[in-house]
1. Just the ratio, please: alpha-carbon radius of gyration of segment 227-281 over 2.2 N^0.38 Å, N its number of residues.
2. I'm checking a number: the convex hull volume of the Cα atoms of segment 212-338, normalised per residue, in Å³. What is it?
3. For Met273 paired with Asp199, estimate the spin-label separation in nm (one decimal), with each label point 7 Å from Cα along the Cα-to-Cβ line.
4. What residues have an amide H closer than 5 Å to that of Phe279, excluding those fewer than 5 places away on the same chain, when H is modeled at 1.01 Å from N in the peptide plane?
5. With the Cα gyration tensor of segment 298-367 in hand, convert its eigenvalues to equivalent ellipsoid semi-axes via √(5λ) and list them largest first in whole Å.
6. Points 7 angstrom from Cα along the Cβ direction at Val108 and Glu343: gap in nanometres?
7. First compute the accessible area of segment 180-296 with a 1.4 Å probe, then give the percent of it belonging to carbon and sulfur atoms.
8. With +1 on each Lys and Arg Cβ and -1 on each Asp and Glu Cβ, how big is the dipole of segment 187-298 about its Cα centre, in debye rounded to the nearest 20?
Amino acid sequence: MIAQLRLSGMDVIANSTFTSRLGQNGAACPACTSAHHQCHTLRKPPSRACSRSRVRQITRAAESVSFVIDTPGKPKGDDTLVIPNLRHKLDLRPSPFLAHYNFGGGFVAEDDRVALNSMHFSSPKSAGAGCGVASEDAHNEHVHHHLSSSSDEDNNDKVCVPLPPWAMRAGARENIFYNPAEINVAIVTCGGLCPGLNDVVQGLVNKLSDYGVPEGQILGIKYGFRGFYDKHDKPVVLTQRSVDSIQLQGGTILGTSRGGSDMDKIVKQIDMMGIDMVFVVGGNGGNAGANAIQNKCEEQGVVCSVIGIPKSIDNDILLIDKCFGFDTAVDTAQEALLAAKVESSSAYHGIGVVKLMGRSSGFIAMQ
């Protein structure tokens, strides 16, 4: 894989060998001429003019510096993390962003892959080597058991899922599989509160609108999964105007709840309302619920894409390096810890005890 770096406005192509045209140690220096070799080889302090000359030489030579970064082998079809999709049931069409090349940002190639393993462990006893890369069959079996067992927030503790070496790269594509003018979208927030939930809701509404989804066709499901079929809390229409500035509010404008969802009723409502996409913003339980909804849709022949968006202040979602809201949780915890330190240190033999959230992961406490 060739990576492009931009240094001081100059494009530098990363390759597997390092090449440089910086010149030999004995190259002539305009400032000290024949003394150049001696003053630099013997590490004597060069003159100011010589130093400026070397800076100019290095600056000019930097334009021709190339690096090579080898990847751990070319990805194959059977060593990539399987992502369920409905492409075989949908029609391919060009993205509406082709006209401006995705606002100048370009598109992700369909065969782009991301390496899930950034480290080679020389021993199974090395820290972090306890759950290694597995075959595709073993990986799928573990993931199916992990996600479909239950949507309870607390049933996924101490899970180690073997992973293949590669995953599909996320990002905008040149071709899409839905007609934005004709789709209906639902957004639901599940589980505990997390800083940034309203930012995600706002971002989804704005991006869907950018793609061309008309007003009135983006719905917000109230109070978690139960909002799909609850008679008292009907879905609300989300527009760019209605979500303006909601990122300044705490919590979630859609409300949230935990567990107790009837998957049959949810899928029935998805079918009756003609919903084509469901975005589930949730933690372990919320994403397990999203997977259960997707499986139930396939079982009942309902064509709907269910997309899970991981959120957790605990930072304990598999495959996600850092969930949104985690940094805010750490900052807030520091305030409590400092307050407890002041309180305990002011008392005779005082002891301060602060209980932090994090469930089984403990990342907030570690930070």
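1. On the way: Rg = 13.0 Å, N = 55, 2.2 N^0.38 = 10.1 Å.
Dividing the Cα Rg of segment 227-281 by 2.2 N^0.38 Å gives 1.29.
2. Working: hull volume 17.8 nm³, N = 127.
Hull volume normalised by residue count: 140 Å³.
3. Taking the simple label geometry, Met273 and Asp199 are separated by 2.6 nm.
4. For Phe279, the qualifying residues are Ala186, Ile187, Val188, Ile307.
5. Details: eigenvalues 316, 22, 16 Å².
Computed over segment 298-367, the values are 40, 11, 9 Å.
6. With each label point 7 Å from Cα toward Cβ, the separation is 4.5 nm.
7. Values: 2350 of 4880 Å².
The value for segment 180-296 is 48 percent carbon and sulfur by accessible area.
8. On the way: 10 positive and 11 negative charges, 59 e Å.
Value, rounded to 20: 280 debye.
The values are calculated or read from the model by the stated rules, or taken from the named source; none is laboratory data. A quick note: this is a predicted structure, and the numbers were derived from the prediction, not measured. Please note: Cβ atoms are built from the backbone with ideal geometry, for glycine as well, and neighbour counts cover all protein chains shown. In case anyone asks, the SASA skips ligands and DNA or RNA and just uses the protein heavy atoms, side chains included. Shrake-Rupley method; radii C 1.70, N 1.55, O 1.52, S 1.80 Å.
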